[in-house]
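First comes the structure, then the notes that go with it.
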């Protein structure tokens with residue numbers, strides 16, 4: 001169960017990370033948020049990143065072998081990167097309708113899935 005909890009926390013963490021890193025790009029569409037300067041955007045993003053860390057740190061501790069979890073450090077990192085990519089693709093397709101998902105993106109994701117396969121191969 002620790003592995004599952006770790007992955008679920010990584011997913012939630014990556015949602016906050018993606019909002020912190022890219023959500024501010026949509027501020028111009030909202031009257032009140034459009035007037036916030038760069039420093040304000042940084043503070044909002046930093047506040048969102050706080051919640052990312054509140055989820056990311058326990059996810060890594062739960063999942064790491066030396067803390068009783070099922071994953072090595074490298075396995076945790078690869079899982080996190082694939083989750084980041086999936087969350088980002090969903091975010092970009094939902095929030096940025098003008099972005100397109102092309103075949104080269106799909107091929108790149110396929111290579112990442114292969115990376116996960118090879119990382120976990122004993």
Task: Residues that are more than 19 Å from residue 86 (Cα to Cα) and surrounded by 15 or more Cβ atoms within 10 Å (Cβ to Cβ), drawn from the range 18-32 - done: 24, 27
Task: Subset of the range 52-72 that is surrounded by 16 or more Cβ atoms within 10 Å (Cβ to Cβ) and within 13 Å of the chain's Cα centre (by Cα) - its residue that is nearest to residue 15 (Cα to Cα) - done: 52
Open item on the list: Please verify whether residue 88 is within 17 Å of residue 11 (Cβ to Cβ) and in contact with a strand residue (DSSP E or B) (Cβ under 9 Å, 6 or more places away or on another chain), treating the condition exactly as stated.
Closed with: no
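Only one of 82, 15 is surrounded by 15 or more Cβ atoms within 10 Å (Cβ to Cβ) and modelled with pLDDT under 90. Can you tell me which? Show your work before the answer.
Working: 15 fails: modelled with pLDDT under 90.
One residue alone meets the criteria, 82.
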TODO: Exactly one condition in (1) surrounded by 16 or more Cβ atoms within 10 Å (Cβ to Cβ); (2) at pLDDT below 90; (3) under 15 Å from the mean Cα position of the chain (by Cα) is not met by residue 75; state its number.
DONE: (3)
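The values are calculated or read from the model by the stated rules, or taken from the named source; none is laboratory data. Predicted, not measured: the structure shown is a model, and the values here were computed from it. Note that we place each Cβ from the backbone using ideal geometry, even for glycine, and neighbour counts take in every protein chain shown.
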